[in-house]
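In what follows, a structure is listed as structure tokens, so that the remarks can point back to it.
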Amino acid sequence: MKALKKKNNLLSKQIGSHSLFYYLNVLLAVIGFFAFIMLIMMAGFDLSEQVVTILNYVINLQILLFAAQEILRALSKKKDSSGFFNNIRHYGELLLAAFLLAYLLFPNTIIGVFARVVPEFNKNDLKIMYLIVAQIPFLIVIVRKVLKYSQRFGRIQLHSGAIFMISFAILIFFGTFLFLLPKAIPSGEEHLSFIDALFTATSAVCVTGLSIIDPATQLSTHGQLFLISLVQIGALGVLTLTALFAMFANGGISFQIRVIMGDVLSDDNLSDVTSMIKRIILYTAVIEFSSAVIMYYALGGSFLSLDIPLFYASVFHSISAFCNAGFSNFEAGLMNPLLQNNYIFLSVIMVLITLGGIGFPVIQNILRLKIFKKGHKRIRYQLTITTKLVLITSAVLVFVPAVLIFIFEPMTFVLPEASNASKLFHSLFLSVTTRTAGFSIVPLELLHAPAVLIVIILMSIGASPGSTGGGMKNTTYVIAFMQFIRLLRGQERLILFNREIHRELVRKALLIMFTYAMLVFIGTFIIATIEPDFTIVDITFEVVSSLSTVGLSRNLTHLLSEPSKLVLIMCMFIGRIGVLTFFMAFHKPKLEPNIKLPKTNVMIG
């Protein structure tokens, strides 16, 4: 009888504990919802001092409720002696609650810190900045807990490409909403139309850089922050960040997410996906920050007296270049007289474009090389076939076109007073940025026909697989071209570096090239029908630039009508997802019946 009574008491305690956790999670969800709403209000709307004061009281109440529910959660939850990382996350949330309480107790001290960092801001702006920073921890914890308790994602029966496509579509529409907010544009300027906001958001998320507005003059500081944040998220991928949050929430990621991320990163080793995601975040942070420091010094900055606007511009360009986006927050972009001949700054841009364009798997393979240790294989045996193809083709596609542009493009109208060394440097920069980045230091509408043709070919080839760039990808082009040479010689098998390439990969490469060419034709045909006044060369240039997510333009984008802009939006979206992945996402593969039919011949050629 006593045992039964004890069991009933234990059961009632468990039910009460589950009920308590349920209500705490509901409370946390409500806090997170209001935190998101207030974050949008503070970041996107011009608020009076009275409204800011009211929001301050609401956020103080949020902090108290958050701290109270974390304390109740800590008192009600038993310690998990077997889960070290779970305990770390649990104590981390308590520390976060304590940190937010410090915000509540010492607001003037925190605002004083902001005032020292950005002395040009007034008191009301500093309060808004303080309130925005106070909301971010709420959202991080909410996302972490949602991922921890939600098991529905693993049940989604969709093609991995479809999930990838949907995630980008959601991010694009959210970015469109951000650009429609009042604070996204300078005060007194006309608001962006829906199509222009959608175009800008698509170009940012798809890391294209094709723009119908000037970010330096037609976007406020808030709008530029929205822009570069979308570029960073779009380059890393929504699923990469989701998987990262899932790792912090559960200590790992599900098999479903591993399969999807394996497809996205072109990595067949599913056990290595988790470590790959961590390294992607680490590589990105280190490369972008170190490059921003170099560019800051190249622009004349000094850390002895930190110039916030200059350092912000350096960080902006570092992210934009590594993500192969091509956006600039300087007036006239890199054609600004202060930058056009700043060879250190432009050289860093070229290095960032190259690093972002060769792809994370290649960077990882290079960093894992064991050069100086004895007893290891030679370097050429440590490099994967993909790495060898990427490095060789990237070098060829940078230097050979640079020489051709230098020979066939005298740049008489572009750089009339430049020396041959300067023209060669600008030819090299054009060769690098054309592959996928979209930065321009010369007016492309003034280039002669041979240079324009070279640029179109380079844009269509694009960057490397697993990178932040677009295009058909250089490995795809090499495999298709080498197979063409083999077939002319009467050889069916494709052998590279003493390895036979799978026939399935060869067929896939040929299919990508055919699909890409078909989309270029369709896009060019539609825009040429809508815009009969523009030349077919300029329209083709625009379509290839958008489909390859390059972002270069012959001064045509802002002159297009809304239907033509929608065509380019679709091209950018398909180009970022991948031309083959986009079409495969709409149907499930069907197995062919194993039936042999009579063979016949058809006249071709």
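Which of the residues belonging to segment 197-236 are more than 26 Å from G471 (Cβ to Cβ) and assigned to a loop (DSSP other than H, G, I, E, B)?
The answer is L219, S220.
Would you point out the residue of segment 467-479, among those that are buried (at least 21 other Cβ atoms within 10 Å of the Cβ) and of a type in the set (A, V, I, L, M, F, W, C), that is nearest to T208 (Cα to Cα)?
Only one residue tops the list, namely M472.
Restricting attention to segment 281-296, which residues are modelled with pLDDT of 90 or more, hydroxyl-bearing (S, T, Y) and surrounded by 13 or more Cβ atoms within 10 Å (Cβ to Cβ)?
Those that are modelled with pLDDT of 90 or more, hydroxyl-bearing (S, T, Y) and surrounded by 13 or more Cβ atoms within 10 Å (Cβ to Cβ): S291, Y296.
In this structure, does S167 turn out to be small (G, A, S) and part of a loop (DSSP other than H, G, I, E, B)? Spell out how you get there, then give the answer.
On the way: small (G, A, S): yes; part of a loop (DSSP other than H, G, I, E, B): no.
Here the answer is no, as S167 does not meet what is asked.
Do we have any residue at all in segment 313-321 that's touching a residue at least 24 places away in the same chain (Cβ under 8 Å), touching a Ser or Thr at 6+ places or on another chain (Cβ under 6 Å) and open to solvent by less than 10 Å² (accessible area, probe 1.4 Å)?
Yes - at least one qualifying residue is present in segment 313-321.
Mind listing whichever residues of segment 197-222 are closer than 26 Å to I166 by Cβ and free of Cβ contacts under 8 Å to residues at least 60 places away in the same chain?
Hits for segment 197-222 are A197, T200, A201.
If a residue must be more than 20 Å from F199 (Cα to Cα), hydroxyl-bearing (S, T, Y) and open to solvent by less than 70 Å² (accessible area, probe 1.4 Å), how many such residues does segment 516-546 contain?
Looking only at that region, the number is 1.
Give the number of residues within segment 431-446 that are free of Cβ contacts under 8 Å to residues at least 40 places away in the same chain and more than 15 Å from I349 (Cβ to Cβ).
Total meeting the criteria: 1.
Check off (1) modelled with pLDDT under 85; (2) buried (at least 23 other Cβ atoms within 10 Å of the Cβ); (3) under 18 Å from V544 (Cβ atoms); (4) not β-branched (V, I, T) for E409 and give me the number that stays unchecked.
(3)
So, in segment 358-380, of the ones that are open to solvent by 100 Å² or more (accessible area, probe 1.4 Å) and either assigned to a helix (DSSP H, G or I) or of a type in the set (G, A, S) (or both), which residue ends up modelled with the lowest pLDDT?
R380
Output the residue which, of all residues in segment 554-605 that are part of a loop (DSSP other than H, G, I, E, B), surrounded by 13 or more Cβ atoms within 10 Å (Cβ to Cβ) and modelled with pLDDT under 85, is nearest to the chain's Cα centre (by Cα).
Top of the filtered list is G578.
Mind checking which residues of segment 320-349 are of a type in the set (A, V, I, L, M), under 15 Å from V432 (Cα atoms) and either part of a loop (DSSP other than H, G, I, E, B) or more than 19 Å from the chain's Cα centre (by Cα) (or both)? Walk me through it before giving the result.
Within segment 320-349, the subset of a type in the set (A, V, I, L, M) is 321, 325, 332, 334-335, 338-339, 344, 346, 348-349.
So of that shortlist, the ones also under 15 Å from V432 (Cα atoms) come out as 321, 325, 334, 346, 348-349.
Scanning segment 320-349 gives A325, L334, L346, V348.
In segment 419-432, how many residues are touching a Phe, Trp or Tyr at 6+ places or on another chain (Cβ under 9 Å) and either open to solvent by 30 Å² or more (accessible area, probe 1.4 Å) or among the basic types (K, R) (or both)?
Summing the residues that are touching a Phe, Trp or Tyr at 6+ places or on another chain (Cβ under 9 Å) and either open to solvent by 30 Å² or more (accessible area, probe 1.4 Å) or among the basic types (K, R) (or both) in segment 419-432 gives 5.
Within segment 433-466, track down each residue that is within 30 Å of F360 (Cβ to Cβ), assigned to a helix (DSSP H, G or I) and open to solvent by less than 10 Å² (accessible area, probe 1.4 Å). If you could, list the steps in order and put the result at the bottom.
From segment 433-466, those within 30 Å of F360 (Cβ to Cβ) are 433-441, 444, 454-466; that's our starting set.
Retained after the next criterion (residues that are assigned to a helix (DSSP H, G or I)): 433-434, 444, 454-461.
If the condition is that a residue be within 30 Å of F360 (Cβ to Cβ), assigned to a helix (DSSP H, G or I) and open to solvent by less than 10 Å² (accessible area, probe 1.4 Å), then T433, T434, L444, V455, L458, M459, I461 are the ones that fit.
Over 24 Å from L511 (Cα atoms) and either in contact (Cβ under 8 Å) with a residue 24 or more places away in the chain or hydroxyl-bearing (S, T, Y) (or both): is that true of S564 in this structure? Explain how you work it out, then say what you get.
Details: over 24 Å from L511 (Cα atoms): yes; either in contact (Cβ under 8 Å) with a residue 24 or more places away in the chain or hydroxyl-bearing (S, T, Y) (or both): yes.
Spelling it out, S564 is indeed over 24 Å from L511 (Cα atoms) and either in contact (Cβ under 8 Å) with a residue 24 or more places away in the chain or hydroxyl-bearing (S, T, Y) (or both).
Being open to solvent by less than 30 Å² (accessible area, probe 1.4 Å) and over 30 Å from F573 (Cβ atoms) is the filter here, so list the residues in segment 480-497 that pass it.
If the condition is that a residue be open to solvent by less than 30 Å² (accessible area, probe 1.4 Å) and over 30 Å from F573 (Cβ atoms), then L494, L496 are the ones that fit.
Only one of (1) at pLDDT 55 or above; (2) open to solvent by 40 Å² or more (accessible area, probe 1.4 Å); (3) at positive phi fails for G237. Which number is that?
Unmet for G237, out of (1) at pLDDT 55 or above; (2) open to solvent by 40 Å² or more (accessible area, probe 1.4 Å); (3) at positive phi: (2).
The values are calculated or read from the model by the stated rules, or taken from the named source; none is laboratory data. Note that the coordinates shown come from a computational prediction; the quantities given were computed from them, not determined experimentally. We place every Cβ from the backbone using ideal geometry, glycine too, and count neighbours over all the protein chains shown. Accessible surface areas use protein heavy atoms only, side chains included; no ligands, DNA or RNA. Shrake-Rupley method; radii C 1.70, N 1.55, O 1.52, S 1.80 Å.
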